[in-house]
Amino acid sequence: MEKIRLGIIGIGNMGSSHAKSVFGGECPDFEWTAVADLKPERLQWAKTELSPDIHCFQKAEEMLDSGLIDACMVCVPHYDHPKYAIACLRRGIHVMVEKPAGVYTKQVKEMNEEAARHPQVVFGMMFNQRTNCVYRKLRELVQSGAYGSIRRTNWIITDWYRSQCYYDSGDWRATWAGEGGGVLLNQCPHQLDLWQWICGMPKKVDAHLHYGLWHDIEVEDDVTAYVEYENGATGVFITSTGDAHGTNRFEIQMDRAKFVVENNQLTMTEYEMTEQEFSRTNPQPFATVQSTERKVETDGKNPQHKGVINAWGGAILRGEPLVAGGEEGLNGLTLSNAMHLSAFLGKAVEIPFDEELYYNELMKRAATSRRKTGVKERVADTSGSYAGNR
């Protein structure tokens with residue numbers, strides 16, 4: 001195979017962006033041959049703006065069965081990510097799924113189980129922030145063992161500002177039935193993924209979510225969550241789409257260093273000794289451990305979406321590593337589901353949590369959602385299974 005014949009399901013904002021990268025020659029292992037979208041105007045856009053020779057389908061399954069593609073990108077609303085990923089896996093078609101992996105962990109676990117039955121299929125997740133040199137370097141330092149254990153993590157990510165017209169741009173946006181959540185499911189999957197990728201998974205989550213606090217929407221647009229880790233460390237995650245000029249600051253306090261990511265710069269404050277040793281031996285009541293602060297050098301590379309797509313192509317053709325395997329979508333979604341469940345119940349929840357309880361609570365909200373399309377099928381699907389409802 002010299003070129004991978006690529007198809008896409010969903011040619012909206014993200015799908016069209018990926019298509020432009022491929023047609024622009026930035027992803028040389030691929031040639032775009034087909035697209036599927038329910039909206040005729042989007043298919044016409046593909047023919048007009050990309051190529052008059054592209055094959056267009058209104059039904060995704062027809063494209064998957066056409067024999068025209070070797071690989072497929074899934075860029076549809078969140079609930080259907082596992083559905084179409086499973087459809088690709090069962091046909092032996094390599095698949096890349098946009099974030100998030102799904103809406104609830106039950107369906108994502110089913111997707112991952114299906115992937116395990118098809119090891120020949122290269123299954124990836126679009127976690128493009130993992131290509132950012134700053135976060136790659138931070139993960140390397142945190143997990144090196146040179147700075148001891150994590151004591152505290154804090155991420156305030158409030159520069160996701162959205163005005164009302166953004167939410168009004170699609171009837172599925174910011175609804176329980178269409179999107180399955182708000183800022184945690186739409187904007188923050190990248191940060192939730194990075195948080196656990198760098199720091200590991202917490203064991204307990206206590207979250208406070210505000211629904212439609214800053215916008216006319218039914219899902220969360222303001223979140224403050226507190227977590228606890230197995231080693232006793234704690235963390236706080238704050239996000240919102242209502243801050244006109246927000247902040248993106250990620251801080252990790254460790255035994256022998258503090259790391260801060262802000263303004264796309266990684267800063268390290270390195271201690272002369274661990275805090276524990278200093279606390280045990282220091283004779284001065286108001287002294288603090290001596291330290292040196294410096295900006296951390298990185299390799300400067302940050303290829304984002306194109307980097308993920310090119311790594312996927314390398315994995316298909318040459319067995320090279322992916323940026324993120326498809327199965328890795330589960331952890332970040334577990335965090336957002338735990339935050340939602342904590343807010344639904346008004347109390348802290350342990351990880352792993354009761355997935356059946358979460359699904360039922362979510363479907364209660366979907367049943368009264370502003371967006372009615374698809375609600376009957378989702379609420380009736382009490383197993384939470386999407387593999388059987390393609």
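Derivation of every value follows stated rules applied to the coordinates shown; laboratory data play no part. All of these numbers come straight from a predicted model, not from anything done at the bench. Quick reminder, even Gly has a Cβ in these numbers, built from the backbone with ideal geometry, and neighbours come from all protein chains shown.
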Using only the Cα atoms of the range 41-140, build the gyration tensor, take square roots of its eigenvalues as a ≥ b ≥ c, and label the shape rounded, prolate or oblate: rounded if a/c is under 1.5, else prolate if a/b is larger than b/c, else oblate.
oblate
Three principal axis extents, largest first, for the C-alpha atoms of the range 1-93, in Å?
32, 29, 21
Summed side-chain charge close to ARG152 - residues other than ARG152 whose Cβ falls under 10 Å, Lys, Arg +1, Asp, Glu -1
+1
List the relative contact order of the chain as a percent without decimals, with contacts defined as Cα pairs under 8 Å and 6+ residues apart.
20 percent
Averaged over all directions, how much area does the convex hull of the C-alpha atoms of the range 105-191 cover when projected, in nm²?
9.1 nm²
Which angle between 0 and 90 degrees, to the nearest 10, do you get for helix 304-318 versus the longest principal axis of the chain when only C-alpha atoms count?
70 degrees
Whole-number value, in Å³ per residue, for the convex hull of the alpha carbons of the range 300-360 is 137 Å³
Phi-derived 3J(HN,Hα) across the range 354-364 with the Karplus relation (6.51, -1.76, 1.60, θ = phi - 60°), rounded Hz, x for Gly and Pro, is 6, 5, 5, 4, 4, 4, 5, 5, 5, 5, 4
Give me the one-decimal Kirkwood hydrodynamic radius in Å for the range 168-268, with the sum taken over alpha-carbon pairs.
15.1 Å
Of the convex hull drawn through the C-alpha atoms of the chain, the volume per residue in Å³ is 151 Å³
At a 10 angstrom cut-off on C-beta neighbours, averaged per residue, how do the peptides 196-209, 214-227 rank from highest to lowest?
214-227, 196-209
